[in-house]
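Visitor: The structure that follows is given in the form of structure tokens.
Any read-out appearing in this document is the output of simple, stated calculations on the displayed coordinates, not a laboratory observation. None of these values were measured; they are calculated from a predicted model. Cβ coordinates were reconstructed from backbone atoms using ideal geometry, including for glycine residues, and neighbour counts include every protein chain displayed.
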Amino acid sequence: MALNAKTLIERNHLFRGLPQKTIDRVAALATRRMYEDGAIIFMRGDPGDSLCGVVTGRVRISASRAGGKEVFLNIMEPGDAFGEIALLDGSPRTATATALARTELTIIPRDAFFALLRTEAQLAEHLIQLLCKRVRWTAEQMEDSALLGVPAKIAKRLLSLASVHGRASPEGTRLSISQEELAQFLGLSRQIVNQHLQAWRAQGWIALGRGSVTIANPRSLQNVTHQP
């Protein structure tokens, strides 16, 4: 079932715990927009003029490295919001957002949101907390990239994605992500990612499907994350 703007805002950690009056005022600012599979929602460098919330579908957040290689940063699913940094400072977008399926978004424009923010101290506090969490997450990714070996990087990212986006199944926690997407996420080649996934599959730790990875033995993957 598609989320309405009010429900999406209530569920999102950015607004969770705020007074109902504030939730209603934020929801009143929202408009809805539909994007087809593969559509670019915004590109890195575009004006930072709105906050986006996923109503239905999935959104890939990515950036380009030197040489034009795409780095997969995150996946946004129903209930997730993105675009907070550009919304707050008005600077150009720092990443590209692409629809991974037919996707409906709730869009909150920056000008209207800032007018509300000036009158809502609790809302401003929530935004500060969110940005701090994002900074910590980014720092952790940089540390992982510098210190972890390839198997540990793959295992840790699978567990992290599964904790947020995974769905319970009889075989374990199912994550809707292709090997190519996972490789882009990590900045690795698909061949290297496939090599480790196939080894873990042979040991019964994971199951592989078309566009999915199911984690059957999270403890074993957790042990891999501690290896150099």
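Visitor: Hey, what number do you get for the chain at 222 nm if only DSSP H runs of n ≥ 4 count, each worth -39500 (n - 2.57), divided across all residues, to the nearest 500?
Guide: Rounded to the nearest 500, the figure is -13500 deg cm²/dmol.
Visitor: From the residues Ala30, Phe72, Ser220, which one has its Cα farthest along the dipole of the chain in the positive direction, the dipole being from +1 and -1 charges on Cβ of Lys/Arg and Asp/Glu about the Cα centre?
Guide: Working it through, the farthest residue towards the positive pole turns out to be Ser220.
Visitor: Counting only pairs 8 or more places apart or on different chains, how many lysine pairs in the chain have C-alpha atoms closer than 29 Å?
Guide: Lysine pairs satisfying the spacing and distance rule in the chain number 8.
Visitor: Which residues' amide hydrogens lie under 5 Å from the amide hydrogen of Ile41, considering only partners 5 or more residues apart or on another chain, with H built in the peptide plane?
Guide: Ala97, Thr98, Ala99
Visitor: Would you list Asp46, Asp111 from fewest to most Cβ contacts within 10 Å?
Guide: Least to most surrounded, the residues fall as Asp111, Asp46.
Visitor: Given axes a ≥ b ≥ c from the Cα gyration tensor, I'd like to know whether the chain is rounded (a/c under 1.5), prolate (a/b larger than b/c) or oblate. Walk me through the numbers before you get to the answer.
Guide: Details: a/c = 1.91, a/b = 1.77, b/c = 1.08.
Prolate is the answer for the chain, as a/c is 1.5 or above and a/b outweighs b/c.
Visitor: Using only the alpha-carbon atoms, how far is helix 121-147 inclined from the longest principal axis of the chain? Give it as 0 to 90 degrees, nearest 10.
Guide: So the helix axis and the longest Cα principal axis differ by about 20 degrees.
Visitor: Further, regarding this structure: Let me have the relative contact order for the chain, percent, based on Cα pairs under 8 Å that are six or more residues apart. Don't skip to the end; give the middle numbers.
Guide: On the way: 392 pairs, mean separation 44.5, N = 228.
About 20 percent, as a whole number.
Visitor: Let me ask something additional. Which of these, Glu77, Glu104, Glu120, has the largest mean-square fluctuation under a Gaussian network model of the chain (Cα springs below 10 Å)?
Guide: Of Glu77, Glu104, Glu120, the most mobile in the Gaussian network model is Glu120.
Visitor: Please state the charge dipole magnitude for the range 148-225, taken about the Cα centre, from unit charges on C-beta atoms (+1 on K and R, -1 on D and E), reported in debye and rounded to the nearest 20.
Guide: The calculated dipole for the range 148-225 is roughly 80 debye.
Visitor: Determine, from the Cβ-Cβ distance of Asp89 and Gln191 and an R0 of 30 Å, the FRET efficiency 1/(1 + (r/R0)^6), rounded to the nearest 0.05.
Guide: With R0 = 30 Å, the Cβ-Cβ based efficiency is 0.15.
Visitor: Once phi is turned into ³J(HN,Hα) by the Karplus curve 6.51 cos²θ - 1.76 cosθ + 1.60 with θ = phi - 60°, what whole-Hz value does each residue of the range 46-55 show in order, with x for glycine and proline?
Guide: In residue order, the calculated couplings are 5, x, x, 10, 6, 9, 10, x, 7, 8 Hz.
Visitor: Before anything else, pin down the relative contact order of the range 148-225: Cα pairs under 8 Å, at least 6 apart, normalised by residue count, whole percent.
Guide: Relative contact order for the range 148-225 comes out at 38 percent.
Visitor: Oh, and also: As I understand it, the value is the acute angle between the Cα axis of helix 150-165 and the longest principal axis of the Cα atoms of the chain; what does it come to in degrees, rounded to 10?
Guide: Once rounded, one gets 40 degrees.
Visitor: Could I have the simple spin-label model distance between Ala139 and Glu171, label points 7 Å from Cα toward Cβ, reported in nm to one decimal?
Guide: If labels sit at Ala139 and Glu171, their model points lie 3.9 nm apart.
Visitor: Under 5 Å between amide hydrogens, which residues at least 5 positions from Thr56 or on another chain qualify, with H placed 1.01 Å from N in the peptide plane?
Guide: Answer set, sorted by chain and number: Glu104.
Visitor: Of His126, Ile85, Gly187, which is farthest on the positive side of the dipole of the chain, counting Cα position, with +1 on Lys and Arg Cβ, -1 on Asp and Glu Cβ, and the Cα centre as origin?
Guide: Gly187
Visitor: Determine the dipole magnitude for the range 5-141: charges of +1 sit on the beta-carbon of Lys and Arg, -1 on that of Asp and Glu, nothing else is charged, the reference point is the Cα centre, and the result goes in debye to the nearest 20.
Guide: Dipole of the range 5-141, to the nearest 20 debye: 120 debye.
Visitor: Please order Thr214, Thr56 by the number of other Cβ within 10 Å, starting at the fewest.
Guide: The fewest-first ordering by Cβ neighbours comes to Thr56, Thr214.
Visitor: Residue separation times 0.36 nm, minus the C-alpha to C-alpha distance between Thr31 and Glu180: what's the value? The partial results should precede the final answer.
Guide: Numbers: separation 149, 0.36 × 149 = 53.64 nm, distance 3.31 nm.
Extra length available between Thr31 and Glu180 comes to 50.3 nm.
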